[in-house]
There are 2 protein chains.
Amino acid sequence: MEVTIPVELPTSRYSVVIQPQGLQHLGEKCRQLKLGEKIIVVSNPVIFEHYGTTVVESLDAAGFQVNTCILPAGEQYKNFDSLQKIYDAAIDQQLERSSTLLALGGGVIGDMTGFAASSWLRGINFIQVPTSLLAMVDASIGGKTGINHPRGKNLIGAFYQPRLVMIDPEVLQTLPEREFRAGMAEVIKYGIIWDAELLAMLEKTEQLDTLAALDLQLVSEILRRSAQAKVDVVSQDEKEAGLRAILNYGHTIGHAVESLTGYKVVNHGEAVAIGMVAAGKLAVAAQMWSQADTDRQDAVIQKTGLPTQLPIGMEIDQIVAALFLDKKVQAGRVRFVLPTKIGHAIVTDTIANTLVADILTGM
Amino acid sequence: MEVTIPVELPTSRYSVVIQPQGLQHLGEKCRQLKLGEKIIVVSNPVIFEHYGTTVVESLDAAGFQVNTCILPAGEQYKNFDSLQKIYDAAIDQQLERSSTLLALGGGVIGDMTGFAASSWLRGINFIQVPTSLLAMVDASIGGKTGINHPRGKNLIGAFYQPRLVMIDPEVLQTLPEREFRAGMAEVIKYGIIWDAELLAMLEKTEQLDTLAALDLQLVSEILRRSAQAKVDVVSQDEKEAGLRAILNYGHTIGHAVESLTGYKVVNHGEAVAIGMVAAGKLAVAAQMWSQADTDRQDAVIQKTGLPTQLPIGMEIDQIVAALFLDKKVQAGRVRFVLPTKIGHAIVTDTIANTLVADILTGM
């Protein structure tokens with residue numbers, strides 16, 4: 001069954017479509033958008049091996065002139081070199097303003113392809129076909145695109161909306177289990193900051209640490225609720241002037257942990273899980289949240305098989321220092337997203353660094 | 001006397017201010033915009049030598065924390081390396097989302113700084129302080145930013161609006177005469193495509209090939225009318241979906257001439273002058289424009305000391321081939337902007353390549 005979530009922003013409208021066998025229907029969906037003839041599919045070798053043929057054949061059959069740009073897999077390649085390779089493909093194929101870059105992959109491919117699409121000829125069409133759970137529920141929706149700077153994650157990028165996000169749940173079958181759990185971290189996040197029913201649904205589910213334990217209907221419902229949460233928030237605040245910042249729940253400390261461990265020890269979702277546990281403790285210490293609710297959160301994180309403690313050997317001082325390099329710093333104060341009840345969170349810059357250090361020391 | 005031209009776009013509002021001694025008043029103007037504390041002034045060594053101290057002192061006095069990023073001068077440095085230097089300065093100074101990049105320079109500095117501002121943290125504040133006539137009347141207004149790809153000009157960039165454009169006409173005193181004439185090419189363009197009175201004013205002026213021949217009131221009026229023409233067009237069509245394309249009058253063939261001569265033989269304004277002469281001839285051949293009007297145009301171009309013929313030794317076939325690499329190609333057809341009367345132009349893709357070749361052969 002196909003679910004369509006409309007996204008309505010001041011300057012663009014598009015749909016997030018959740019559709020089993022969506023890859024097979026990609027060509028016709030793209031055709032409906034009246035895109036120009038040329039499409040470059042950007043992917044990595046692993047994903048392209050699994051789904052490249054299906055996607056290219058579907059686009060081909062719909063009459064598009066399809067080329068590909070295959071980039072090495074991994075966060076360490078989310079950099080200028082990869083961006084240049086997309087630009088080179090664009091010039092080789094003489095892309096025009098009506099042409100399209102299509103991202104077939106996880107968040108790394110989606111973010112880079114989106115930034116390339118935003119900046120090539122000052123903006124060409126962009127389609128998201130996320131293949132990881134993380135990208136399906138988070139990265140592919142809302143128009144944040146970008147690459148890493150050698151000295152910090154996602155420092156360079158653009159807000160640039162896709163023309164379509166096509167989510168095919170069947171693609172999750174080939175997702176490594178660790179990446180599935182990483183995506184679940186963002187799902188849990190929506191349960192805490194936006195959709196209390198989603199959290200309750202996760203609490204009721206016996207086993208959450210592997211896709212195999214979930215029936216397809218539950219997976220679809222998780223995808224739908226998560227995508228809807230993201231769309232709700234982004235529609236109210238596309239450029240992160242206010243509300244959208246709550247989506248960074250767990251990300252402030254999470255980013256610091258990721259970056260200080262060289263993006264090698266924990267993945268993004270695991271870092272967010274650790275960040276949510278820390279933020280929960282901060283909220284309780286600041287008397288904004290109840291111990292009972294933070295316990296509920298931590299139990300779901302644990303049931304999903306995600307980490308709830310800092311990686312061994314991390315220096316607390318370094319984490320606190322790294323917080324100041326974050327985009328979320330304003331006027332020299334670190335801004336935290338903290339929950340106030342299940343389904344609701346606020347942004348605050350009143351948390352003292354010493355409290356952060358204390359909480360982290362206890363983890 | 002200060003002239004303020006308001007720019008009202010769907011997602012942003014700002015002012016183009018034309019103010020003698022505007023550099024001295026920059027700090028207070030910036031203060032009124034409620035920018036964050038940190039500003040990086042991006043410039044080149046030549047411009048900074050002339051005006052750096054004035055700008056930095058003005059910002060300093062208004063309470064900003066000012067740093068500088070000085071890039072090598074010249075179109076050949078409008079590339080990734082320079083962009084990276086701006087990013088490095090941004091990370092060194094730990095710029096925040098409320099921080100500002102201020103471009104003090106011509107179109108190259110403005111375009112690069114604007115693209116850096118659009119993409120650092122997905123968008124920080126951007127101020128334009130154009131120092132060349134070309135940048136004052138064209139490049140600094142309207143939000144086109146970008147860098148060159150080794151294989152094509154302005155292929156990478158963003159539409160990103162500044163928070164303020166501050167034009168100080170007195171700065172033109174130090175502009176080399178050849179660059180003054182280059183800027184006049186864009187002024188003449190507005191006279192042809194938008195503002196017939198502006199063209200009449202230029203026709204009435206005895207000498208146009210040097211700033212020294214013009215009184216300050218005429219210079220201010222030229223700046224005001226040109227900036228207003230650009231603002232009028234951009235306000236109706238920010239992202240170049242339609243009308244804005246007329247601003248490319250003279251630029252289609254102009255870009256090809258610039259790029260094929262390695263950006264070394266003619267500068268941008270000279271290339272546009274050649275492009276306008278060619279476009280005028282095309283329009284006459286296509287029976288869209290009168291010979292009398294194209295003669296009026298060519299006479300003003302000539303009086304300004306701008307070229308009206310192709311650089312010696314250019315291959316016509318190469319120019320025609322280069323047209324197809326232009327951003328303005330759509331569905332494989334080259335789009336030309338052609339005048340229909342003084343003060344009005346249209347976009348057309350009905351001009352045959354053979355006609356283009358014939359016209360160029362006659363130049």
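Return the residues of segment B:289-303 that are in contact (Cβ under 8 Å) with a residue 60 or more places away in the chain and either crowded, with 17+ Cβ neighbours inside 10 Å or among the charged types (D, E, K, R) (or both); say none if nothing qualifies. Steps first, please.
First, pick out the residues of segment B:289-303 that are in contact (Cβ under 8 Å) with a residue 60 or more places away in the chain: B:296-297, B:299-301, B:303.
Correct list: B:Arg296, B:Gln297, B:Val300, B:Ile301, B:Lys303.
Checking each residue in segment A:35-74 for being within 19 Å of A:Ser132 (Cα to Cα) and among the aromatic types (Phe, Trp, Tyr) picks out A:Phe48, A:Tyr51. Against the list (1) part of a helix (DSSP H, G or I); (2) of a type in the set (A, V, I, L, M, F, W, C); (3) over 29 Å from B:Asp232 (Cα atoms), the condition B:Ile40 fails is (1).
Within segment B:91-114, restricting attention to residues that are facing another protein chain (nearest Cβ under 9 Å) and not in a helix (DSSP H, G or I), the residue that is surrounded by the most Cβ atoms within 10 Å (Cβ to Cβ) is B:Glu96. Is at least one residue of segment B:313-325 small (Gly, Ala, Ser), part of a strand (DSSP E or B) and either closer than 30 Å to A:Ala117 by Cβ or in contact with a Phe, Trp or Tyr (Cβ under 8 Å, 6 or more places away or on another chain) (or both)? Within segment B:313-325, none of the residues are small (Gly, Ala, Ser), part of a strand (DSSP E or B) and either closer than 30 Å to A:Ala117 by Cβ or in contact with a Phe, Trp or Tyr (Cβ under 8 Å, 6 or more places away or on another chain) (or both).
Taking segment A:264-279, which residues are touching a residue at least 60 places away in the same chain (Cβ under 8 Å) and either of a type in the set (Gly, Ala, Ser) or out of contact with any Gly (no Cβ under 9 Å at 6 or more places or on another chain) (or both)?
Listed by number, the residues that qualify are A:Asn267, A:Gly269, A:Ala273, A:Ala278, A:Ala279.
Annotation note: Cβ proximity below 8 Å between a residue of segment A:232-248 that is within 13 Å of another protein chain (Cβ to nearest Cβ) and a residue that is in a helix (DSSP H, G or I) (sequence gap 6+ or interchain) occurs for A:Glu238/A:Arg244; A:Arg244/A:Val233; A:Arg244/A:Val234; A:Arg244/A:Gln236.
Of all the residues in segment B:134-176, those that are on the phi > 0 side of the Ramachandran plot and more than 11 Å from chain A (Cβ to nearest Cβ) number 1.
Against the list (1) modelled with pLDDT under 95; (2) over 16 Å from A:Ser132 (Cα atoms); (3) in contact with a Leu (Cβ under 7 Å, 6 or more places away or on another chain), the condition A:His268 fails is (2).
Do the conditions hold for A:Ser43, that is, is it crowded, with 17+ Cβ neighbours inside 10 Å and either touching a Phe, Trp or Tyr at 6+ places or on another chain (Cβ under 9 Å) or closer than 30 Å to B:Leu323 by Cβ (or both)? It is true that A:Ser43 is crowded, with 17+ Cβ neighbours inside 10 Å and either touching a Phe, Trp or Tyr at 6+ places or on another chain (Cβ under 9 Å) or closer than 30 Å to B:Leu323 by Cβ (or both).
Looking across segment A:71-90 at every residue that is without any contact (Cβ under 8 Å) to a residue 60 or more places away in the chain and surrounded by 17 or more Cβ atoms within 10 Å (Cβ to Cβ), the one that is farthest from the other protein chains (Cβ to nearest Cβ) is identified as A:Ala73.
Considering segment A:115-133, and only residues there that are assigned to a strand (DSSP E or B) and away from every other protein chain (no Cβ under 11 Å), the residue that is surrounded by the fewest Cβ atoms within 10 Å (Cβ to Cβ) turns out to be A:Asn125. A single member of B:Phe80, B:Phe48 is more than 23 Å from B:Gly142 (Cα to Cα) and either among the charged types (D, E, K, R) or within 22 Å of the chain's Cα centre (by Cα) (or both), and it is B:Phe48. Working only within segment B:22-40, note down all residues that are polar (S, T, N, Q) and either surrounded by 13 or more Cβ atoms within 10 Å (Cβ to Cβ) or in the same structural domain as B:Asp232 (by TED's automatic domain parsing) (or both). Hit for segment B:22-40 is B:Gln24, nothing else.
Among the residues of segment A:47-62, those identified as more than 17 Å from A:Phe126 (Cα to Cα), crowded, with 16+ Cβ neighbours inside 10 Å and of a type in the set (Val, Ile, Thr) are A:Ile47, A:Thr54.
The values are calculated or read from the model by the stated rules, or taken from the named source; none is laboratory data. Please read all numbers here as calculations on a predicted model, not as lab measurements. Note that we place each Cβ from the backbone using ideal geometry, even for glycine, and neighbour counts take in every protein chain shown.
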